[in-house]
Each structure stands twice: as C-alpha cells, then as structure tokens.
Amino acid sequence: MGAFDQKQTLGFGTRSQSPSREDHPAPVRFTIDPKRRLVIAKFGERITAHDIHLYVQNLCSQPGFDPSYSEVADISSVKELPLEGADFLKLADQVDPFAFQSKRAFVAQTPVQRHAAQMHKILRTQRHFEIFATLEEAEQWIGR
C-alpha cells in the first residue's frame with residue numbers, strides 16, 4: 001500500500017474506546033496523497049452508516065483534502081455492513097464529499113461488498129466509478 005507510506009495514516013471510529021487500538025482498530029483508516037490527488041480509505045470488518053459519516057467529517061476537516069481528488073475505497077475487509085436503503089441514499093446524496101467528476105474506485109471481493117459498491121455507484125450516477133478485486137487494479141485505473 002504505497003500511499004500509506006507517503007503520509008501519516010489517519011484513523012477514527014467509535015469502537016476504539018479502550019487504550020489498546022490494536023484490539024479495536026478504527027473502522028476506517030485513510031491517507032491523503034496530494035501529489036497523486038488521491039485519497040485511499042481502508043474500511044474495517046464492520047462498517048455502519050455512522051462510521052462512514054465520521055470518516056467523511058474527519059476527511060473534510062483535513063487541510064490537504066480537496067473534493068476533486070480521486071478516491072480508492074478498499075472495502076475488501078468488510079464482513080458486516082448493516083446498511084439499509086435509506087442509509088445508502090443519505091450517504092450518496094448528503095454525505096459523500098467527492099465531486100461528481102472525481103474518479104472513484106472501490107475494492108470489493110464478496111457479493112455483499114460488490115453490492116454495496118454498486119449501490120453507491122448507481123445512486124451517485126458517476127461516470128468515473130469502477131469496482132475492482134484488488135487494490136493494485138484500483139490504483140492502476142485511478143492513475144490513468
């Protein structure tokens with residue numbers, strides 16, 4: 001994960017209340033790479049609409065973030081995604097911070113992950129949005 005080496009990775013979440021962050025990793029870690037105009041977000045095993053909302057708030061508060069940047073959203077580790085239709089609509093219409101012209105790549109491997117990524121793609125009606133099986137494929141496409 002090259003971009004994680006270039007800038008400090010930021011993590012946040014509600015499950016990390018104990019002092020040991022290793023036992024309860026943040027639901028989302030992200031890196032902003034200004035040189036590549038790219039945000040890489042790695043989602044944990046369980047992601048709620050609240051977790052995504054917190055990710056967006058934290059991302060938007062970073063001075064290096066620009067809504068025109070591209071994003072790689074790696075959801076390949078997600079095992080639980082308790083989102084309903086209304087959650088998908090709100091996330092796409094009100095929460096998503098990226099511009100419609102931004103390139104978006106989701107890394108998804110399971111049917112549930114692919115379905116979630118596809119729902120977001122449909123609701124955002126973006127032309128520059130693809131779903132990949134690996135982080136390497138996603139980053140390669142973003143770099144084109």
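Placing a pseudo-label 7 Å from each Cα along the Cα-to-Cβ vector at SER68 and LEU123 gives an inter-label distance of 2.7 nm.
Once the Cβ-Cβ distance of GLU130 and SER61 is raised to the sixth power relative to R0 = 25 Å, the FRET efficiency obtained is 0.35. Annotation note: GluC sites (Glu not before Pro) in the range 30-84 located in DSSP loop regions with a Cβ neighbour count of at most 13 within 10 Å are GLU45, GLU84. HIS115 to GLU137: extension gain in nm, 0.36 nm per residue of separation minus the Cα-Cα distance? Full extension of this stretch gives 6.1 nm more.
Report note on the peptides 85-91, 115-121, 100-106: ranked by the mean count of other C-beta atoms within 10 Å, highest first, their order is 100-106, 115-121, 85-91.
Taking the fewest neighbouring Cβ atoms within 10 Å as the starting point, the ordered list for THR31, THR48, THR134, THR125 is THR125, THR134, THR48, THR31.
Read the figures in this text as sums done on the coordinates, not as results from a lab. The model shown is predicted, which means the values in this text are computed figures rather than measured ones. Ideal geometry is used to build each Cβ from the backbone, glycine not excepted, and the neighbour counts take in all protein chains shown.
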